[in-house]
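The values are calculated or read from the model by the stated rules, or taken from the named source; none is laboratory data. Keep in mind it's a predicted model, so treat the numbers as computed, not measured. We place every Cβ from the backbone using ideal geometry, glycine too, and count neighbours over all the protein chains shown. Areas reflect the complete protein model, heavy atoms only, side chains present, ligands, DNA and RNA absent. Shrake-Rupley method; radii C 1.70, N 1.55, O 1.52, S 1.80 Å.
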Amino acid sequence: MKIYADGCSWTEGAELPEDKKTQLRYASLVADSLDAQVVNMSGGGASNYRIMRQWMKYHNQKWDMAIIQLSIPSRTEFYLPDKGYQRIQMRPMKFGNRIKSPLLPKRVEEHSEKMRQYWDLHYRYIYTEQMGKNIERTAFYACKNTCIALGIPHVMLTINPDSDLPFDLNLARMNLPVFTGHHPTEKGHRIIADKILELL
């Protein structure tokens, strides 16, 4: 049995002990319970667009199950010919009609002034909550309907507490034990895995 897993830092296992992370994250715990192999494609800071793009790339590899966890709607990515896909995100703080952030992401700081200007332009003047919701809805149904069309059993998760989409689990509403960086502890991953197994 082969399981596809994707998501952001929650699925990647951020803050778990580095030497045990691969074994302790929830997709691995589900795979262990099912005597299955898991291919975990998640990454910290992943956007819903990136998670959808990955699934569209790998969905046809004869998966027996998919665990897809969508992320925070405001995250996005862009493509640079010489560097590949780049992720940017923010911690949203609203000031009137503008959205600002107290923290400029390191990935943007490492690039040129033009890249910083892009980040600032995107989050101050282009991104809106409705845009984030629309991308989330597109990613949700693209991933879910592909699974349905291919007959792949699947579980759809999110960490967006405000989502109104019919996810199987909203991890942000589960009151999980978390580390200081707000990622699930080992116990939190076990709880998520057990909930997923209950849904199967």
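Using amide H atoms built in the peptide plane, which far-off residues or other-chain residues are under 5 Å from residue 38 H to H?
Amide H neighbours of residue 38, under 5 Å, 5+ apart: 3.
Along the charge dipole of the range 109-198, pointing to its positive end and built from +1/-1 on Cβ of Lys, Arg, Asp and Glu, which listed residue (146, 175, 121) has its Cα farthest out?
146
Once phi is turned into θ = phi - 60°, what whole-Hz ³J(HN,Hα) does the Karplus curve with 6.51, -1.76 and 1.60 give for every residue of the range 190-199, x standing for Gly and Pro?
Per residue, the Karplus-derived 3J(HN,Hα) values read 5, 5, 4, 4, 5, 5, 5, 4, 5, 6 Hz.
Heavy atoms only, probe 1.4 angstrom, no DNA, RNA or ligands counted: give me 79, 26, 85 ranked by accessible area, highest first.
79, 85, 26
If I take every Cα pair under 8 Å that is 6 or more residues apart in the chain, average their sequence separation and divide by the length, what percent do I get for the relative contact order?
This gives 25 percent for the chain.
Using the structure shown, list the pairs from 21/57; 21/195; 57/195; 57/83 with a Cα-Cα distance above 23 Å, or answer none.
21/57; 57/195
Residue-wise, which Karplus ³J(HN,Hα) couplings in Hz belong to the range 9-21, taking 6.51 cos²θ - 1.76 cosθ + 1.60, θ = phi - 60°, and x for glycine or proline?
So the J values, rounded to whole Hz, are 5, 5, 6, 5, x, 4, 6, 5, x, 4, 6, 10, 4.
Please determine, in degrees from 0 to 90 and to the nearest 10, the orientation of helix 48-58 with respect to the longest principal axis defined by the Cα atoms of the chain, where the helix direction is its Cα long axis.
It works out to around 50 degrees.
Okay, helix-only estimate at 222 nm for the chain: each DSSP H run of n ≥ 4 adds -39500 (n - 2.57), divide by all residues, round to 500 deg cm²/dmol; what do you get?
It lands at -11000 deg cm²/dmol.
Can you say what percent of the DSSP beta bridges in the chain, counting only those with both residues inside, are antiparallel? Round to 5.
40 percent
With every protein chain left in place and a probe of 1.4 Å, what is the accessible surface of residue 18, to the nearest 10 Å²?
140 Å²
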